[in-house]
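Undergrad: Starting off with a structure, shown below.
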Amino acid sequence: MTSVDAIVTTDRDHVWHPYSPVPGPPQHIVTAAEGPYLTLNIDSGFLQEETQNARVDCHVLDGMSSWWAAAYGYRNPTLDAAAHHQIDTFSHVMFGGLTHEPATTLAHTLLTLAPAGLHSVFFCDSGSVSVEVAVKMALQYWRSHTDTSLHRKTQLLTWRGGYHGDTFTPMSVCDPEGGMHTLWQGIVQPQVFLPVPPADQETSLRPGPLESSIGEYLAEAERVLSQRAGTLAACIIEPVVQGAGGMRFHQPELVRGLTELCRRHQVLVIFDEIATGFGRTGTLFAADACRCTPDIMCVGKALTGGYLTAAAVLATRDIAETISTGTGALMHGPTFMANPLACAIGQAACSLAVTAVEEGQAARIERELRRGLAAACDLPGVADVRVKGAIGVIQLVSPAALNCDAATAAALREGVWLRPFRDLIYCMPPFICSDEQIATICRGMVAAAQTATV
Ligand SMILES: *Cc1c(COP(=O)(O)O)cnc(C)c1O
């Protein structure tokens, strides 16, 4: 058994963590995870408690669902059973020249659950890769037309405040000033940006002045589209919720309006539902609330309930047929494409998602988050408190007001794991959390917000 000391030093000196240097800041060690709980082994110094230089075990609620993925909790019996069954059958085979029941069943399920009109599925191994594939599909679609003037349609339209992943194509459509990728200006493909979408006032517990109306926003989009449509292949957005780019919510009507405008200007529409998919905002997909079907849709994260890395790109029949009869093959094929273990777990996770939506879990959690986060509204340093489905956000007045370590430690002392960043303290708890557990997560968020410096 490796000692805790050895884990800590190897991790610090040799292992890269997300968005971190090497050697990096201390990380907390996960020793177990069950239901909505993580067991963490933490340096007591981090918690700023009395006992010095000791390691303490903390049993904490995971307010993050491991970055949206573990929506049904850890060691979920249904997902464990699906995993065991598939491991005892076979865990992985290549997908070139071979197929298998877990892949076809999951493809069929995804197409049944997704907005009507999506027709074909490309499986890949992570969200960022699914965005790469979606963009490749969009570009290849236009290249597949005999009218060569359409081959100039190679740029992407998006809006500021988005997040689509960390490989180079997704980076090009992330918020250009959001901080994550500013180092790469001049390297990543220049794309066309609309302003940040106006906030959905109804999600805010203390709505500010109206930023701009949907009508004004769409008029601006129309102007950009009329000028640039000749070079635009697709518009890529996160519908209803902008996640890691700023945890902002906008109205479904805006998404619907923008989709209609794009269609009118011959620009394809890509929905990145990697974060919003599988019931997080209340409907199975955010697209359902928008009452529209994109040409291409990316799903990931909760697709396997956080068990394995997997994502999928869904496309309309028009996309699939135009590419296949025009330029022919879609030249993409990740080694672990349609991994059988991931597909089998994904199939089971889809059934859990359907049940969670039928039971109204996101609506229940939304109600409890609104109740529990109200206490943050009047704290010094808090700029906004907002809730959409099973997502709760406390935004501080500026990044300078948030000491991430102090906020994280305050939440841990309340028994809650959060990962605040920039000016944001937020949660997207597992759907299996009880009302009392959501109340605890809210107490953790409020305690984190109380560390704000103003
Ligand atoms: C997380 C995320 C991605 C990237 O997915 P990875 O699996 O981390 O590559 C892309 N888009 C959205 C909206 C996400 O939330």
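Undergrad: Helices (runs of 4 or more DSSP H) wholly in segment 53-131 with at least 2 residues that are within 16 Å of the ligand (Cβ to nearest atom) - which ones?
TA: Those helices (runs of 4 or more DSSP H) span 65-68.
This table checks each residue for (1) assigned by the TED database to the domain that holds residue 155; (2) under 20 Å from residue 394 (Cα atoms); (3) in a loop (DSSP other than H, G, I, E, B); (4) touching a His at 6+ places or on another chain (Cβ under 8 Å).
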| site | (1), (2), (3), (4) |
| --- | --- |
| 209 | yes, yes, yes, no |
| 212 | yes, no, yes, no |
| 221 | yes, no, no, no |
| 226 | yes, no, no, yes |
| 230 | yes, no, no, no |
| 235 | yes, no, no, no |
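Undergrad: Under the condition of being of a type in the set (S, T, N, Q) and open to solvent by 10 Å² or more (accessible area, probe 1.4 Å), which residue from segment 150-163 is farthest from the ligand (Cβ to nearest atom)?
TA: In this case the residue turns out to be 154.
Undergrad: With the requirement that a residue be of a type in the set (A, V, I, L, M) and outside any strand (DSSP E or B), what does segment 22-52 give you?
TA: 22, 47
Undergrad: Just checking, does segment 257-269 include any residue being within 16 Å of the ligand (Cβ to nearest atom) and either of a type outside the set (Ser, Thr, Tyr) or on the phi < 0 side of the Ramachandran plot (or both)?
TA: Yes: one or more hits.
Undergrad: Additional query: Considering each of 166, 175 in turn, give the residue that is in a loop (DSSP other than H, G, I, E, B), touching a residue at least 60 places away in the same chain (Cβ under 8 Å), within 13 Å of the ligand (Cβ to nearest atom) and over 20 Å from residue 261 (Cβ atoms).
TA: 175
Undergrad: Across segment 293-312, which residue is least open to solvent (accessible area, probe 1.4 Å) among those that are under 21 Å from residue 348 (Cα atoms) and of a type in the set (S, T, N, Q)?
TA: Applying the filter and picking the extreme gives 304.
Undergrad: Would you check if there is a residue in segment 367-380 being under 21 Å from the mean Cα position of the chain (by Cα), open to solvent by 30 Å² or more (accessible area, probe 1.4 Å) and outside the structural domain of residue 273 (by the TED database)?
TA: No, because not a single residue in segment 367-380 is under 21 Å from the mean Cα position of the chain (by Cα), open to solvent by 30 Å² or more (accessible area, probe 1.4 Å) and outside the structural domain of residue 273 (by the TED database).
Undergrad: So, one more: Any chance segment 194-206 includes a residue that's of a type in the set (Val, Ile, Thr), part of a loop (DSSP other than H, G, I, E, B) and over 28 Å from residue 326 (Cα atoms)?
TA: Yes, some residue in segment 194-206 is of a type in the set (Val, Ile, Thr), part of a loop (DSSP other than H, G, I, E, B) and over 28 Å from residue 326 (Cα atoms).
Undergrad: Next question, about the same structure. How many of the residues in segment 138-166 are over 26 Å from the mean Cα position of the chain (by Cα) and of a type in the set (Asp, Glu)?
TA: 1
Undergrad: For segment 23-41, name all the residues that are among the aliphatic types (A, V, I, L, M) and in contact with a helix residue (DSSP H, G or I) (Cβ under 7 Å, 6 or more places away or on another chain).
TA: Within segment 23-41, just 29 meets the criteria.
Undergrad: Now for a different question. For segment 178-226, which positions are open to solvent by less than 40 Å² (accessible area, probe 1.4 Å), within 16 Å of the ligand (Cβ to nearest atom) and either touching an Asp or Glu at 6+ places or on another chain (Cβ under 6 Å) or touching a residue at least 24 places away in the same chain (Cβ under 8 Å) (or both)?
TA: Of everything in segment 178-226, those that are open to solvent by less than 40 Å² (accessible area, probe 1.4 Å), within 16 Å of the ligand (Cβ to nearest atom) and either touching an Asp or Glu at 6+ places or on another chain (Cβ under 6 Å) or touching a residue at least 24 places away in the same chain (Cβ under 8 Å) (or both) turn out to be 178, 191, 197.
Undergrad: All but one of (1) buried (at least 24 other Cβ atoms within 10 Å of the Cβ); (2) closer than 27 Å to residue 72 by Cα; (3) out of contact with any Gly (no Cβ under 6 Å at 6 or more places or on another chain) hold for residue 290; state the number of the condition that does not hold.
TA: Going through (1) buried (at least 24 other Cβ atoms within 10 Å of the Cβ); (2) closer than 27 Å to residue 72 by Cα; (3) out of contact with any Gly (no Cβ under 6 Å at 6 or more places or on another chain) one by one, residue 290 breaks only (1).
Yes/no matrix, rows are residues, columns are (1) at pLDDT below 95; (2) over 17 Å from residue 366 (Cα atoms); (3) in contact with a Phe, Trp or Tyr (Cβ under 8 Å, 6 or more places away or on another chain):
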residue	(1), (2), (3)
198	no, yes, yes
205	no, no, no
208	yes, yes, no
221	no, yes, no
233	no, yes, yes
262	no, yes, no
276	no, no, yes
280	no, no, yes
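Undergrad: I need a count of the residues in segment 132-154 that are part of a helix (DSSP H, G or I) and within 22 Å of residue 118 (Cα to Cα).
TA: So the count comes out to 12.
Undergrad: Which condition from (1) without any contact (Cβ under 8 Å) to a residue 24 or more places away in the chain; (2) surrounded by 18 or more Cβ atoms within 10 Å (Cβ to Cβ) is the one that residue 350 breaks?
TA: The one condition residue 350 does not meet is (1).
Undergrad: All but one of (1) free of Cβ contacts under 8 Å to residues at least 24 places away in the same chain; (2) buried (at least 16 other Cβ atoms within 10 Å of the Cβ) hold for residue 436; which doesn't?
TA: Among (1) free of Cβ contacts under 8 Å to residues at least 24 places away in the same chain; (2) buried (at least 16 other Cβ atoms within 10 Å of the Cβ), residue 436 violates only (2).
The values are calculated or read from the model by the stated rules, or taken from the named source; none is laboratory data. All values reported here derive from a predicted model rather than from experimental measurement. Cβ coordinates were reconstructed from backbone atoms using ideal geometry, including for glycine residues, and neighbour counts include every protein chain displayed. The protein model used for the area step is the full one, side chains on, heavy atoms only, and it has no ligands, DNA or RNA in it. Shrake-Rupley method; radii C 1.70, N 1.55, O 1.52, S 1.80 Å.
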